[in-house]
Every structure is written in structure tokens, then in C-alpha cells.
Amino acid sequence: MSRKRYLVTGGAGFVGSHVVAALLERNADVVVLDNLSIGHRAAVLPGAELVVGDLADPSAVDALVGAGPWDAVFHFAALSLVGESVRLPFKYLLENGVNGIRLIDACVRHAVPRFVLSSTANLFGTPDRMPIDEEVRIDPASPYGESKFMIERALHWANEIHGLRSACLRYFNAAGADPQGRLGEDHNPETHLIPLAIDAVLGRRPALAIFGSDYATPDGTCIRDYVHVNDLADAHIRVLDQLDRRSVRYNVGTGQGYSVRDITEAVGRIAGRPVPYVMGQPRMGDAAILIAGAEALRADTGWIPQFTDLDEVVATAYRWREAHPGGYGDK
Ligand code: UDP
């Protein structure tokens with residue numbers, strides 16, 4: 001079999017870098033396109049080629065997509081701060097939505113056969129049932145979610161009219177880090193619960209603010225579905241086979257929910273001391289419970305999350321963060 005060749009936009013970011021690692025493990029040729037505004041040069045493992053470039057530059061994108069053939073394009077490059085998107089909707093609709101659509105256009109023109117999109121559970125706004133399967137009504141909760149939906153819709157038409165097969169993977173909460181300790185989560189600013197709780201317990205920042213304790217959940221804090229980033233990466237690889245036949249969209253999560261308190265307790269167990277926290281105000285737009293119904297992904301691809309123990313998920317994140325006080329050290 002000939003070596004597979006993949007283009008990965010945003011491959012220097014958190015999820016993208018773990019997918020690159022999984023592709024390299026499968027002996028593929030991988031080219032990463034990243035402008036390094038959010039991603040990190042050191043997150044691109046040796047073995048992958050990094051092209052520093054911007055999706056906002058159509059001629060550069062066209063040249064790179066045209067330098068195929070690619071077995072698939074994976075698209076991760078995006079702004080992903082929900083809160084920022086509510087303040088600056090057009091930044092998200094343009095930089096994520098429009099640039100993503102331009103990338104798809106280039107893929108169509110250069111006859112790329114498969115496209116895998118990093119999408120989001122934010123598509124489901126306030127879901128009318130739980131767990132959230134693929135039939136739940138789409139009503140994006142923010143311009144960030146809307147920007148991903150714009151790309152999903154463009155992929156729909158790219159499939160219908162041009163035969164570009166695509167997989168849209170709607171992630172719930174990506175968590176953990178490379179168990180080998182090569183890669184981790186390093187956002188600037190960091191807004192995610194697990195890294196913030198780890199930094200709080202390591203004394204690197206003040207007490208964690210828990211965003212609301214009056215939700216309709218057993219302990220009053222929000223419940224989310226934390227899926228290990230390696231399991232997420234595995235889902236990206238597994239869907240490629242589906243794309244030989246049809247386009248797909250899957251919700252990706254474990255189906256198991258944990259509250260903010262569950263997370264702080266898990267971080268405390270790993271650290272050997274409790275996470276300092278204060279009770280804060282609820283964050284605008286936060287749903288009480290978001291849990292994935294990922295049965296379709298399991299049934300169609302045989303995907304089974306390997307990280308089923310919350311402490312194990314948290315431990316992989318903890319190890320990387322403890323060993324990298326300044327993250328990748330480039331920002
Ligand atoms: N959260 C919190 N304090 C923080 C950051 C997050 O209590 O400093 C809560 C947040 O309200 C949500 C959960 O932790 O219920 C996960 O938040 P995160 O931002 O990690 O992911 P999201 O679910 O928003 O995608």
C-alpha cells in the first residue's frame with residue numbers, strides 16, 4: 001500500500017497536534033498548515049512538515065492544497081473562544097466561517113477526496129434532550145458554533161454537488177494530553193477547566209473560580225462530557241474509512257458526564273492536595289448539562305474510548321502541565 005499523505009490545518013494546536021501524532025504513528029506523510037497565532041511550533045512532532053501560513057491568504061492556501069495529491073484534508077485551524085465570539089461575532093464568522101469555506105473551495109478545485117472537520121457541540125445551543133445525538137436540533141449557542149455550522153453547510157454542498165466526502169466531528173470537552181508526554185494543552189489565555197484547576201493546585205494562579213453552583217445538577221455545578229484527546233484523535237482516523245462510501249457527521253464524547261466539582265476532586269486526587277477554589281458567578285451561555293450521544297460513531301466505526309477513568313484523563317493533563325510550567329514556552 002502506498003504511503004498516505006495528509007494536510008492538517010491547525011496541526012500545531014491542541015487537538016490537531018494529537019491527530020498529527022496519531023497519523024505519524026500510522027506511518028503517514030503529514031503536512032501541517034498553521035499560522036502559529038494559537039498553535040505552537042514545538043507541538044508539531046518531528047516527522048511532520050510545518051508550513052507557517054494563514055488560511056486568510058487564498059493564494060497560499062490554493063498553492064498548498066494544489067500541491068497534493070492529498071488522501072484527506074483535516075481542518076482544525078480556528079478561533080475557539082466562545083466568550084470572545086459573543087463579543088466579536090464577525091471575527092469568528094469571517095476568520096472561521098469564510099476562511100473555512102475558502103479552504104473547502106480549494107479542496108473541491110484540486111479534487112481532494114476527503115475532508116475531516118473539527119466541529120463542536122456548541123452547535124446544539126440549548127438541547128431539548130440529553131444525551132445529545134446527531135438528531136438534536138441545531139441552533140448554535142454562539143457565533144463560534146455558528147461559524148462551524150457555516151463550514152458544515154458548505155461541506156454539505158461540496159458533497160452534494162462536487163462529491164467531496166466529509167466527516168464533521170462535533171466534539172464535547174477535549175481533555176487530557178499525549179500519554180507519552182510529548183504534547184499538551186497550552187492556550188493563551190487559558191479558559192478551560194482542567195488546565196486552570198491544575199494551575200490552581202500547582203499554585204501557579206489564584207484559586208479556581210467555579211462558574212455557578214445553582215444549576216439543576218446533583219452538586220449544583222455544570223456537567224460536561226470530557227473525552228480524552230487521544231480518543232478524539234482515534235475518531236478522526238476511524239472516520240476515514242466511512243468516507244470511502246459517504247459523508248458523515250458524528251457527535252464525539254464518552255456519554256459519561258462529570259461535574260465541575262468532580263473535576264476539581266479528580267485534580268486534587270492526582271496532585272495529592274485539594275484544588276483551591278472560590279464560588280463564582282455562572283458564565284453566560286453555559287448549559288447545565290452537555291453529554292454526547294455517540295452511539296452512531298461507535299456503531300459505524302467501532303470507536304471505543306480507551307480513557308474511561310476520569311483520573312487517568314486528568315493525570316495525563318497534569319503530568320504535561322507540571323513538567324511544562326510555561327507551556328510550550330513560545331508565547
Ligand atoms: N468552568 C469553571 N471555571 C473555570 C472554567 C470553566 O467553573 O474557570 C466550568 C464551565 O462553566 C463549564 C466547565 O467548567 O461548566 C467546562 O468549561 P470549559 O471552558 O473547560 O469547556 P466548555 O464546556 O465551556 O466547552
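Key figures for this structure:
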{"quantity": "Test: residue in region 300-309 that is assigned to a helix (DSSP H, G or I), within 11 Å of the ligand (Cβ to nearest atom), over 18 Å from the mean Cα position of the chain (by Cα) and surrounded by 15 or more Cβ atoms within 10 Å (Cβ to Cβ)", "calculated": "no"}
{"quantity": "Residue list for region 13-32, restricted to those being more than 13 Å from Ala177 (Cα to Cα) and either charged (D, E, K, R) or outside any helix (DSSP H, G or I) (or both)", "calculated": "Glu25, Arg26, Asn27, Ala28, Asp29, Val30, Val31, Val32"}
{"quantity": "Search result, residues across region 33-56 that are out of contact with any helix residue (DSSP H, G or I) (no Cβ under 7 Å at 6 or more places or on another chain) and either closer than 16 Å to Ala235 by Cα or assigned to a strand (DSSP E or B) (or both)", "calculated": "Asp34, Pro46, Glu49, Val52"}
{"quantity": "Candidates Phe74, Phe115, Phe90 - the one that is in contact with a Cys (Cβ under 7 Å, 6 or more places away or on another chain) and of a type in the set (Phe, Trp, Tyr)", "calculated": "Phe115"}
{"quantity": "Residues that are more than 12 Å from Phe172 (Cα to Cα), part of a strand (DSSP E or B) and not aliphatic (A, V, I, L, M), drawn from region 210-234", "calculated": "Phe211"}
{"quantity": "Test: residue in region 209-217 that is touching a residue at least 12 places away in the same chain (Cβ under 8 Å), under 28 Å from Ala106 (Cβ atoms) and surrounded by fewer than 22 Cβ atoms within 10 Å (Cβ to Cβ)", "calculated": "no"}
{"quantity": "Residue check for Val275: buried (at least 19 other Cβ atoms within 10 Å of the Cβ) and touching a Lys or Arg at 6+ places or on another chain (Cβ under 9 Å)", "calculated": "no"}
{"quantity": "Pair list, Cβ under 8 Å, 6 or more apart: region 270-285 residue under 9 Å from Phe211 (Cα atoms) and in a loop (DSSP other than H, G, I, E, B), other residue near the ligand (Cβ under 9 Å from one of its atoms) and not small (Gly, Ala, Ser)", "calculated": "Gln281/Phe211; Pro282/Phe211; Pro282/Tyr215; Arg283/Phe211"}
{"quantity": "Any pair with Cβ under 9 angstrom, 6 or more apart, that starts in region 92-117 at a residue that is over 23 Å from Pro140 (Cα atoms) and ends at one that is modelled with pLDDT under 95 and among the small types (Gly, Ala, Ser)", "calculated": "His110/Gly68; Ala111/Gly68; Val112/Gly68"}
{"quantity": "Search result, residues across region 184-194 that are surrounded by 23 or more Cβ atoms within 10 Å (Cβ to Cβ) and more than 8 Å from the ligand (Cβ to nearest atom)", "calculated": "Gly184, Glu185, Asp186"}
{"quantity": "Single residue of region 165-187 satisfying the filter (in contact with a Ser or Thr (Cβ under 8 Å, 6 or more places away or on another chain), in a strand (DSSP E or B) and not aromatic (Phe, Trp, Tyr)) that is farthest from Ala12 (Cα to Cα)", "calculated": "Arg165"}
{"quantity": "Helices (runs of 4 or more DSSP H) lying entirely in region 57-164 (those with 3 or more residues that are under 26 Å from His187 (Cβ atoms) and within 16 Å of the ligand (Cβ to nearest atom))", "calculated": "82-87, 143-162"}
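The values are calculated or read from the model by the stated rules, or taken from the named source; none is laboratory data. The structure presented is a predicted model; accordingly, all values stated were derived computationally and were not measured. Note that we place each Cβ from the backbone using ideal geometry, even for glycine, and neighbour counts take in every protein chain shown.
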